[in-house]
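Student: Quick one: this structure, given as structure tokens, is what I'll be asking you about.
The values are calculated or read from the model by the stated rules, or taken from the named source; none is laboratory data. These numbers come from a predicted model, not from an experiment. All Cβ positions, even for glycine, are placed from backbone atoms using ideal geometry, and neighbour counts span all protein chains on display.
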Amino acid sequence: MKNRIIQFIVMSVLPFALLATDHLLISEVVLQPSAGEYIRITNPTGSDIDLSNYYLTDATDKANSKFYYNLPSGANYWSASSTDFIARFPSMTLKADSSLILGMGRTTDYSATYGSDPDLALKDDMLDAVNGVTTIGGSPNVKLENTAEGLILFYWDGSAATVQDVEYLIWGTDSSTASAYMIDKSGVSGYLADTPVSSQSYMPTHFDGAKLIRNSDEGVETTSGGNGITGHDETSEDLSATWSVVDLTIVKPVISNVSLSPSSPTTEDDLTITATVIDTTGLASVLLTYTFPASSGTPVDLTMSNASGDIWSVTIPATGTAGTLAYYLTATNTNGLTQTSNIYGADIIDPPTPLTIQTIIENSASYLGQTVTLSAVVSIGSGILRTDRTDMYIQDNSGYGLNMNQQGLLSPPLLQGDSISVTGTVDEYQGALQLTDFNYTMLAQDRPVPNIAEISTEDLNSLQFGGRFVKVSGVVSSRADNVGGGSNIVIEDGYGQVTLRVWDTTNLFADATADSLLQPGNLVDVWGIADEYNGEGQMMLAYATDVQALKEGEDGSGGTRLTVAPFPFDPMRGERIKYFFSFPENAHITVRVFDLSGRFITTLFDGYRNIALEVEKLWDGRTETYKLVPPGTYIMHLETVNRTTGETIHDTAPVIIAIRAR
């Protein structure tokens, strides 16, 4: 039903260029033999059509001014010849993209000729145009004339003052015989102008064993300002170009099973159109025509490819913007006959905003117990932190992370860098959210963990980064192995200290480089999961590659220089002051603070470096014993001693500690 609604909407907004098949068409006509006469009526639109108010006639009598369009008046609407007819269709529906065969005699006439029954027979099923008045000739020779005649399909609702043309067909052996059946309603009350008879076209006739077939839609027919049911001027069709005589056995291509993938497309999706196209003589081409946006875009033709058997397909690139897409297919066989499908439509929408781990964490009460789907990258894989169950972490583009925990181990295990779509239940364990009872689909491998935050030990101790894969830098101050199935390593930076937890199951210390880096005194960058233990922050490390030597600053020029940010700061408010210092290679560097009397306050940096660097640090205004220093002016002092030459260079800068007014 939804597709039908979309097709109806598309039909209402498409440019006229795409609306050549917006009403019923007569697609085949057989004039002889008499017993085998029939017409095929096709519904090429996107909607089912009720035939109750449709009429068919061959009863034009120009000599006596008897024309079908007089039917609403009740007089002079047919020739009344025993070999002519004006008939109304019974109450029935012609499905979208389907057709029916109307035998022009009785059912027995058609079945005796072709070995099967027609869908309708003129003398058995069609109704008189006016109730109580016989309008289907009684002669057994009621038939379509072979040399010249007209056949008109029209619509009348039974009360309107005018009828509406649907199909207007004229055939003849030459223009003289054909013109005798051509009609021009120009000047008739209630009707718009038709094409002058002198400018109208006609179809050829045919012999036994052949038929007339519509080889395309209505061609260059005028599509507005006419008397047609959809505004066309049906008398303007170039019938000589749109109809051909072919062997009775030849049929047009059949288009069916047109489908769009994905069925609910977004602006980011490539669109694949697939259809079944069948032809008994062979296909020359299958063409897709699409318009986006449907109401204002320029039609684009794409050649479809034969995927396999009778299946044809083509891909439309992602539109990038929202709107309605309209498309239809045109199949042409080796006989030059074409078939056009009905017009299909699809709403292209913006992709939904993906659910993120950040949204779940910030709205935890709403998501607890709910099943959710996330796209994320594995930050710590399965079978690393625990080997008796699945205990792993993922992180998405929001920069937030989440624990995935359930019974059993994954086989094969998920690895750091695996990009997955995971569906599971949001649960809580000891105050931390986790995903349980999950299943996943692999999207890609070897992807970086997204949006890794670089934080301080103070940030980690704030417990605001739980579950997130983060980076912390500092100096290793202590290490204790064989503690409850793992190791505890304390790392310090200018903001405080925090414990790095390394479980034995990770085998991290099997890597000699990581083992040596995580020794007291070493400066390191470490990546891991922000966690907590007994209310204090800690970081869980899992991979040797997530432990690297810390480069303290930028490459330096080799000079000795000290600079302090030129403003006071208040340590009592938790403020810190930035200071910058540079030093040469192969030097011992010391940064100390003194008061104005020369009394030692604290040492901020003391160590040997073999490369020249420029370093940025923070001082929290505390002494060597972590006591706050009183307000006043202090002197920061830098000393560098070249280990080879003994050259000593000094630089100083003032530091002002103030108390801000409350």
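Student: Look at segment 109-123 and say how many of its residues are modelled with pLDDT of 95 or more and exposed (fewer than 15 other Cβ atoms within 10 Å of the Cβ).
Tutor: 1
Student: Looking only at segment 457-487, count every residue that is in contact (Cβ under 8 Å) with a residue 40 or more places away in the chain and more than 22 Å from Leu402 (Cβ to Cβ) and tell me the total.
Tutor: Qualifying residue count for the region: 8.
Student: Okay, moving on. Of the residues Tyr168, Tyr114, only one is of a type in the set (Ser, Thr, Tyr) and touching a strand residue (DSSP E or B) at 6+ places or on another chain (Cβ under 7 Å); which?
Tutor: Details: Tyr114 fails: touching a strand residue (DSSP E or B) at 6+ places or on another chain (Cβ under 7 Å).
After ruling out the rest, the residue left standing is Tyr168.
Student: Considering only segment 248-305, how many residues are charged (D, E, K, R) and either exposed (fewer than 15 other Cβ atoms within 10 Å of the Cβ) or closer than 27 Å to Asp350 by Cα (or both)? Give the derivation first.
Tutor: If we filter segment 248-305 for residues that are charged (D, E, K, R), which is where we start, we get 252, 268-270, 279, 301.
Then drop every residue that is not either exposed (fewer than 15 other Cβ atoms within 10 Å of the Cβ) or closer than 27 Å to Asp350 by Cα (or both), which leaves 268-270, 301.
Qualifying residue count for the region: 4.
Student: So, one more: Given (1) in a loop (DSSP other than H, G, I, E, B); (2) surrounded by fewer than 22 Cβ atoms within 10 Å (Cβ to Cβ); (3) touching a residue at least 12 places away in the same chain (Cβ under 8 Å), where does Ser189 come up short, assuming only one miss?
Tutor: Of everything listed in (1) in a loop (DSSP other than H, G, I, E, B); (2) surrounded by fewer than 22 Cβ atoms within 10 Å (Cβ to Cβ); (3) touching a residue at least 12 places away in the same chain (Cβ under 8 Å), Ser189 misses just condition (3).
Student: Tell me, yes or no, whether segment 468-476 has at least one residue that is among the small types (Gly, Ala, Ser), assigned by TED's automatic domain parsing to the domain that holds Asn534 and at pLDDT 95 or above. So that I can check it myself, show each step before the final result.
Tutor: Narrowing segment 468-476 to residues among the small types (Gly, Ala, Ser): 473-474.
Pick out the ones that are also assigned by TED's automatic domain parsing to the domain that holds Asn534 and you get 473-474.
Now narrow it down to the ones that are at pLDDT 95 or above: none.
Within segment 468-476 (the criterion being among the small types (Gly, Ala, Ser), assigned by TED's automatic domain parsing to the domain that holds Asn534 and at pLDDT 95 or above), the answer is no, since none of the residues qualifies.
Student: Also, quick follow-up: If you take the residues of segment 397-425 that are among the aliphatic types (A, V, I, L, M) and under 31 Å from the mean Cα position of the chain (by Cα), which of them is surrounded by the fewest Cβ atoms within 10 Å (Cβ to Cβ)? Write out each step before concluding.
Tutor: To start, the set of residues in segment 397-425 that are among the aliphatic types (A, V, I, L, M) comprises 402, 404, 409-410, 414-415, 420, 422.
So of that shortlist, the ones also under 31 Å from the mean Cα position of the chain (by Cα) come out as 402, 404, 414-415, 420, 422.
Working: Leu402: 28, Met404: 24, Leu414: 22, Leu415: 15, Ile420: 21, Val422: 20.
Here the residue is Leu415.
Student: Say we look at segment 357-379 and pick out the residues that are surrounded by fewer than 19 Cβ atoms within 10 Å (Cβ to Cβ) and either of a type in the set (Lys, Arg) or within 21 Å of the chain's Cα centre (by Cα) (or both); which of these is farthest from Asp270 (Cα to Cα)?
Tutor: Filtering first and then ranking leaves Val372.
Student: List the number of the failed condition for Val10; all other conditions in (1) modelled with pLDDT of 95 or more; (2) in contact with a Gly (Cβ under 6 Å, 6 or more places away or on another chain) hold.
Tutor: Checking Val10 against (1) modelled with pLDDT of 95 or more; (2) in contact with a Gly (Cβ under 6 Å, 6 or more places away or on another chain), the one that fails is (1).
Student: On to the next question. Any residue that is in contact with a helix residue (DSSP H, G or I) (Cβ under 6 Å, 6 or more places away or on another chain) and modelled with pLDDT of 95 or more - is there at least one of those in segment 407-415? Steps first, answer last, please.
Tutor: At the first step, the residues of segment 407-415 found to be in contact with a helix residue (DSSP H, G or I) (Cβ under 6 Å, 6 or more places away or on another chain) are none.
Within segment 407-415, none of the residues are in contact with a helix residue (DSSP H, G or I) (Cβ under 6 Å, 6 or more places away or on another chain) and modelled with pLDDT of 95 or more.
Student: Still on this model: Counting only residues that are more than 15 Å from Val163 (Cα to Cα) and out of contact with any Asp or Glu (no Cβ under 6 Å at 6 or more places or on another chain), give me the strands (runs of 3 or more DSSP E) lying completely in segment 31-99 with at least 1 of them. Spell out the reasoning first.
Tutor: On the way: elements: 38-43, 54-57, 86-88.
Ranges flagged: 38-43.
Student: For segment 208-242, what are the residues that are aliphatic (A, V, I, L, M) and surrounded by 21 or more Cβ atoms within 10 Å (Cβ to Cβ)? Walk me through it before giving the result.
Tutor: Going through segment 208-242, the residues aliphatic (A, V, I, L, M) turn out to be 210, 212-213, 220, 229, 239, 241.
Answer for segment 208-242, where residues must be aliphatic (A, V, I, L, M) and surrounded by 21 or more Cβ atoms within 10 Å (Cβ to Cβ): Leu212, Ile213, Leu239.
Student: Take Val245 and decide whether it is surrounded by fewer than 20 Cβ atoms within 10 Å (Cβ to Cβ), among the β-branched types (Val, Ile, Thr) and touching a Leu at 6+ places or on another chain (Cβ under 7 Å). Walk me through it before giving the result.
Tutor: Numbers: surrounded by fewer than 20 Cβ atoms within 10 Å (Cβ to Cβ): yes; among the β-branched types (Val, Ile, Thr): yes; touching a Leu at 6+ places or on another chain (Cβ under 7 Å): yes.
So Val245 passes the test.
Student: Among the listed residues Leu613, Leu628, identify the single one that is among the hydrophobic types (A, V, I, L, M, F, W, C), touching a helix residue (DSSP H, G or I) at 6+ places or on another chain (Cβ under 6 Å) and modelled with pLDDT under 95.
Tutor: On the way: Leu613 fails: touching a helix residue (DSSP H, G or I) at 6+ places or on another chain (Cβ under 6 Å).
Among Leu613, Leu628, only Leu628 is among the hydrophobic types (A, V, I, L, M, F, W, C), touching a helix residue (DSSP H, G or I) at 6+ places or on another chain (Cβ under 6 Å) and modelled with pLDDT under 95.
Student: Turning to a different aspect of this structure: Just one of (1) under 37 Å from the mean Cα position of the chain (by Cα); (2) among the charged types (D, E, K, R); (3) not in a strand (DSSP E or B) trips up Glu458, so point out which.
Tutor: With respect to (1) under 37 Å from the mean Cα position of the chain (by Cα); (2) among the charged types (D, E, K, R); (3) not in a strand (DSSP E or B), Glu458 is out only on (1).
To keep it simple, each residue is scored yes or no on (1) crowded, with 21+ Cβ neighbours inside 10 Å; (2) within 30 Å of Val615 (Cβ to Cβ).
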position: Glu428; (1), (2): no, no
position: Gln434; (1), (2): no, no
position: Gln445; (1), (2): no, no
position: Glu458; (1), (2): no, yes
position: Gly485; (1), (2): no, no
position: Ile491; (1), (2): yes, yes
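Student: For a quick check of your reading: which strands (runs of 3 or more DSSP E) sit entirely within segment 229-328 and have at least 3 residues that are in contact (Cβ under 8 Å) with a residue 24 or more places away in the chain and over 25 Å from the mean Cα position of the chain (by Cα)? Outline the logic, then answer.
Tutor: Working: elements: 243-247, 254-261, 271-278, 283-291, 300-303, 305-308, 311-316.
Counting at least 3 such residues, we get 243-247, 283-291.
Student: Which members of segment 493-512 meet the condition of being basic (Lys, Arg) and either at pLDDT below 95 or surrounded by fewer than 16 Cβ atoms within 10 Å (Cβ to Cβ) (or both)?
Tutor: Of segment 493-512, the ones basic (Lys, Arg) are 501.
Scanning segment 493-512 gives no hits.
Student: Follow-up question, since we're still on this one. Restricting to segment 517-564, name every residue that is exposed (fewer than 15 other Cβ atoms within 10 Å of the Cβ) and modelled with pLDDT of 95 or more.
Tutor: Hit for segment 517-564 is Thr545, nothing else.
Student: Just to be sure, is Asn335 touching a Gly at 6+ places or on another chain (Cβ under 8 Å) and assigned to a loop (DSSP other than H, G, I, E, B)? Before you say what the answer is, go through the steps one by one.
Tutor: Details: touching a Gly at 6+ places or on another chain (Cβ under 8 Å): no; assigned to a loop (DSSP other than H, G, I, E, B): yes.
Answer is no for this residue.
Student: Could you tell me whether Tyr579 is out of contact with any strand residue (DSSP E or B) (no Cβ under 8 Å at 6 or more places or on another chain) and under 20 Å from Ser456 (Cβ atoms)? Walk me through how you get there before you give the answer.
Tutor: Values: out of contact with any strand residue (DSSP E or B) (no Cβ under 8 Å at 6 or more places or on another chain): no; under 20 Å from Ser456 (Cβ atoms): yes.
Spelling it out, it is not the case that Tyr579 is out of contact with any strand residue (DSSP E or B) (no Cβ under 8 Å at 6 or more places or on another chain) and under 20 Å from Ser456 (Cβ atoms).
Student: For Gly336, which of the numbered conditions (1) under 26 Å from the mean Cα position of the chain (by Cα); (2) small (Gly, Ala, Ser); (3) within 30 Å of His23 (Cα to Cα); (4) surrounded by fewer than 20 Cβ atoms within 10 Å (Cβ to Cβ) fails to hold?
Tutor: Every condition holds for Gly336 apart from (1).
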